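Please treat every number below as a calculation from the coordinates, not as lab data. Model, not experiment: these values are computed from the prediction. Note that each Cβ is placed from the backbone with ideal geometry, even for glycine, and that neighbours are counted across all protein chains shown.
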Amino acid sequence: MPERKVLTGNHAAAYACKSVGVEVVAAYPITPQSPVVEKISEFVESGELPNTQFVTVESEQSAISAVVAASQMGARVFTASSANGLAYMYEILCWAAGSRLPLVMCIATRALGAPWSVWTDHQDAFSVRDVGFIQQFVESNQEAYDTVLMSYRVAEDPRVYLPAFVSYDGYILSHTMMSVQIEDDDKVREFLPPLKPHIHLTDFENVHSVNPVTPPGLTVRPEGNTPGYYEFRYSMQKAHEYAIEVIEEVAKEFETKFGRAYGNGIYKPYKADDAEVLIFAVGSVASESRGVVDTLRDEGIKIGLISLKLYRPFPIQHLRKAFNKAKLVVVFDRDVGYGMEGILAAELKSALYAADHRPIIRGFIVGLGGRDITADQLINGVKKAIEEQDNREVQLDTHVDFIGLQLNELGFKKEEI
Amino acid sequence: MIEIIFYGRGGMGAVTAGKILSNAAIISNNYPHVSTFPAFGTERRGAPVMAFCRISEKPIWIRSHIQKADYAIVLDETVFGDHVIARIKDKGALILNTHKCPEDVRKEYNIDPKKITVVTADLTQIAFDLKLTNRENQPIVNTSVLGVLTKSSLKIGIEDAKRAIINMFGEGPKTDLNIKAAEKAAENALVDEVKTV
Amino acid sequence: MVRTEQDIKLEKKVSQTILASQQTPAVGEAGHTGEWRTKRPILHTEKCLVVKTGKLTCNLCWLYCPENTVSRSIPPKFNYDYCKGCGICATECPAHAIEMISEKEAPSCEGNEGGN
């Protein structure tokens with residue numbers, strides 16, 4: 001029988017690992033990620049996960065190295081990290097993706113130091129944008145559980161073979177308790193067949209060296225020409241492009257089997273059908289925006305939300321369709337592409353540049369380093385954007401707006417300058 | 001959606017109280033959606049802490065701190081003050097762990113009788129009477145407070161609270177003590193309702 | 001030009017075929033890399049644990065060889081066509097059964113496979 005439990009986001013992810021029967025887990029503690037692997041180690045200790053190896057390591061770099069090695073042995077693996085720990089994993093993340101290993105990893109998002117912070121924003125998740133992982137953001141603990149399940153299915157699909165991130169907001173989800181439905185192991189195993197790895201380091205009769213020096217050109221070998229580095233990278237880009245349809249397909253199958261859906265698995269629209277103004281955001285910012293949409297609808301503003309679930313591969317075609325009627329898009333970024341603007345805002349602009357319909361896109365930065373994002377802040381942002389939408393001068397301004405700063409209280413007063 | 005803030009001190013179990021309440025809410029079948037989280041800071045024993053709990057019939061999407069609560073629950077009287085009263089909604093309730101009666105609290109803190117219901121219970125005394133204490137011989141009040149809550153307009157009964165406490169700690173003599181404390185707190189709670197006239 | 005159905009099929013096939021780079025020793029761009037060697041490993045079979053036990057037990061030389069030029073067999077054999085003479089096998093061997101000797105001193109035929 002499926003079980004309903006009150007769980008934190010971290011524990012929901014741990015239960016998902018239990019449901020899929022991960023075989024090797026290695027991780028190094030960092031707030032706010034630690035409880036996810038602590039829970040898994042409890043499962044291992046209590047015998048609830050009898051076939052799982054929990055490897056204790058001395059750093060994040062070792063943690064990801066251990067799971068990469070285990071994945072090359074054909075094991076289903078898991079790890080998790082946050083912020084500076086994730087940054088320390090960076091090198092091996094590239095190896096995981098470059099070897100097309102189907103590992104799944106959770107990021108309990110947290111602000112990157114310095115200055116030291118343990119609170120949430122999305123900077124860490126976006127900082128690993130280009131390593132080659134599939135990247136997803138979730139809005140609730142149930143979605144975290146479900147997305148880990150779906151991610152293993154997608155990552156292990158022979159049409160994809162890419163590692164995947166599932167990012168949930170530190171504290172806001174990682175330490176917040178919500179009710180989560182835990183599915184039967186048998187039903188999950190039906191949904192997720194055993195892993196068919198493409199690297200078998202345990203096949204001692206056919207020993208291969210994996211990822212040797214790969215020259216710029218092709219190599220002529222007895223078995224035929226082998227690809228150069230360039231072909232491997234082309235293949236990875238194409239795998240990302242075509243992963244989108246697999247992700248959609250898996251989301252549909254998940255809905256049929258378990259009865260829960262998160263939009264189309266790519267993005268989650270909320271009151272978006274007739275909306276003239278659309279909010280675009282991920283994770284906690286998106287969920288907070290739902291109430292904002294309700295409030296502003298009551299005031300007569302035709303507003304909706306596009307909550308992005310799949311960030312990499314970036315679903316350009318889907319977004320062009322989603323925004324093809326909106327006049328104004330307000331993007332709330334809990335991150336900054338320093339020296340540019342909010343990362344989501346920049347990427348949405350790039351995605352819609354060649355679209356038939358190009359709405360005005362106005363970006364705001366919110367809630368860095370765990371600054372509480374209130375509905376009022378978001379409402380003010382939307383109203384400001386609506387007011388300014390016909391003002392060409394505002395649109396040409398490249399300076400970035402931060403909402404919810406407390407400069408006044410620090411003595412920086414406009415009227416005194 | 002009903003919003004509840006727990007005030008306490010690090011180590012008293014304010015966060016756990018929120019978790020048990022969420023469990024009770026789900027068990028009651030009246031509030032299938034819950035969201036419970038502390039105001040995270042640099043947690044230390046004895047520091048004032050806050051925990052937030054939202055329970056609802058519909059999915060909860062709001063993720064920010066609770067600005068104004070339907071129920072403010074104070075586990076330790078020494079953290080109580082005007083800042084707590086300021087965060088209670090109109091027609092909301094204050095639940096205070098104190099030996100004082102609601103009328104005295106109302107007078108002392110000048111709480112508007114038309115706006116806020118005041119409920120008091122001497123949870124600390126109940127804990128000492130039942131010898132419900134931790135290893136450092138400090139009273140445990142985060143379970144008994146749920147008994148008080150079942151006397152409020154929340155659609156959570158004492159049976160739901162009991163089951164939630166058992167789910168949290170398992171069956172055993174300590175759990176029985178916690179349940180007894182909750183029942184006793186429910187019996188002994190003093191309520192001074194909002195005067196609508 | 002818009003991509004045709006064939007283009008899409010080809011792209012998908014590439015993305016599903018070119019996965020991780022996995023290779024066995026063979027003539028590559030650099031030819032027979034064994035020619036780079038100044039010292040070669042030789043096996044003193046009387047010390048080798050695999051030979052002594054008659055089982056595929058130790059095989060650390062095979063496991064550690066970065067070029068996959070040591071076989072997992074009884075006795076372990078070196079592929080001198082591709083062995084670059086790095087000496088990792090000799091360092092790792094717990095029984096000190098592998099010795100690195102100068103190419104000049106090496107007998108022309110070792111009885112092992114390969115040789116240059």
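Things to note:
- Put in order of Cβ neighbour count within 10 Å, fewest first, the listed residues A:Asp333, A:Asp376 become A:Asp376, A:Asp333.
- Approximate shape of the stretch B:1-139 as ellipsoid semi-axes (Cα gyration tensor, √5λ), whole Å, largest first: 23, 20, 15
- In chain A, the longest principal axis of the Cα atoms and the axis of helix A:343-352 are about 90 degrees apart.
- With viscosity 0.692 mPa s and temperature 37 °C, the Kirkwood radius over alpha carbon pairs of the stretch B:1-62 converts through Stokes-Einstein to a diffusion coefficient of 277 µm²/s.
- Residue by residue along A:154-163, Cβ atoms of other protein chains within 10 Å of the local Cβ number 1 on average.
- Label-point gap, in nm, between B:Glu159 and A:Glu415 - each point 7 angstrom along Cα→Cβ: 6.2
- 32 Å Cα-Cα threshold exceeded, pairs from A:Lys321/A:Lys384; A:Lys39/B:Lys58; A:Lys187/A:Lys268; A:Lys196/C:Lys9; B:Lys89/B:Lys131; C:Lys47/C:Lys104: B:Lys89/B:Lys131
- Each residue, A:Arg320 and A:Tyr229, gets one label point 7 Å from its Cα in the Cβ direction; the gap between the two is 3.3 nm.
- P(r) of the protein assembly as shown over all Cα-Cα pairs, binned every 20 Å from zero, in whole percent: 15, 41, 29, 12, 3, 0
- Column: log10 I(q)/I(0), Debye, Cα scatterers of the stretch A:172-297, q = 0.13, 0.17, 0.23 Å⁻¹: -0.91, -1.13, -1.40
- The stretch A:170-211: C-alpha pair distances exceeding 11 Å, %: 78
- Largest-first ellipsoid semi-axes for chain A, taking √(5λ) over the Cα gyration tensor eigenvalues, angstrom: 37, 24, 22
- A simple spin-label model places the labels of C:Tyr64 and A:Lys384 6.2 nm from each other, with each point 7 Å out along Cα-to-Cβ.
- Over the stretch A:270-416, the pair-distance histogram of Cα-Cα distances with 5 Å bins from zero comes to 2, 9, 19, 23, 22, 14, 6, 2, 1, 0 percent, rounded to whole numbers.
- Alpha carbon centroid spacing (whole Å) that separates the stretch C:44-58 from the stretch A:35-89: 35
- Debye log10 I(q)/I(0) for the stretch A:91-197, one point scatterer per Cα, at q = 0.19, 0.20, 0.24 Å⁻¹: -1.01, -1.07, -1.27
- Remark on the stretch C:31-105: ratio of C-alpha radius of gyration to 2.2 N^0.38 Å is 1.02.
- The protein assembly as shown - share of DSSP beta bridges that are antiparallel (%, nearest 5): 45
- For the stretch B:56-113 versus the stretch A:175-232, the spacing of their alpha-carbon centroids is 55 Å.
- With at most 14 other Cβ atoms within 10 Å, longest stretch of chain A clear of loop chymotrypsin sites (Phe, Trp or Tyr not before Pro) (DSSP): A:205-337
- Counted without the sites themselves, the longest stretch of chain A free of GluC sites (Glu not before Pro) in a DSSP loop having at most 13 other beta carbon atoms within 10 Å is A:59-204.
- Trypsin sites (Lys or Arg not before Pro) lying in DSSP loop within the stretch B:1-108, provided at most 14 other Cβ fall within 10 Å: B:Arg44, B:Arg45, B:Lys68
- Taking Cα centre as origin and charging only the Cβ of basic (Lys, Arg, +1) and acidic (Asp, Glu, -1) residues, the dipole magnitude of the stretch A:340-417 rounds to 140 debye.
- Cβ-derived FRET efficiency at R0 35 Å, A:Val57 paired with C:Ile101, nearest 0.05: 0.35
- The trypsin sites (Lys or Arg not before Pro) of the stretch A:347-417 that meet both conditions, a loop assignment by DSSP and at most 16 other Cβ atoms within 10 Å of the site Cβ, are A:Lys413.
- Over the stretch C:1-71 - Rg/Rh using Cα atoms and the Kirkwood inverse-distance radius: 1.28
- Most fluctuating residue given options A:Arg312, A:Arg129, A:Arg100, as computed from a GNM of chain A linking Cα atoms under 10 Å: A:Arg129
- For the stretch A:3-191, the spherically averaged projection of the C-alpha convex hull amounts to 9.5 nm².
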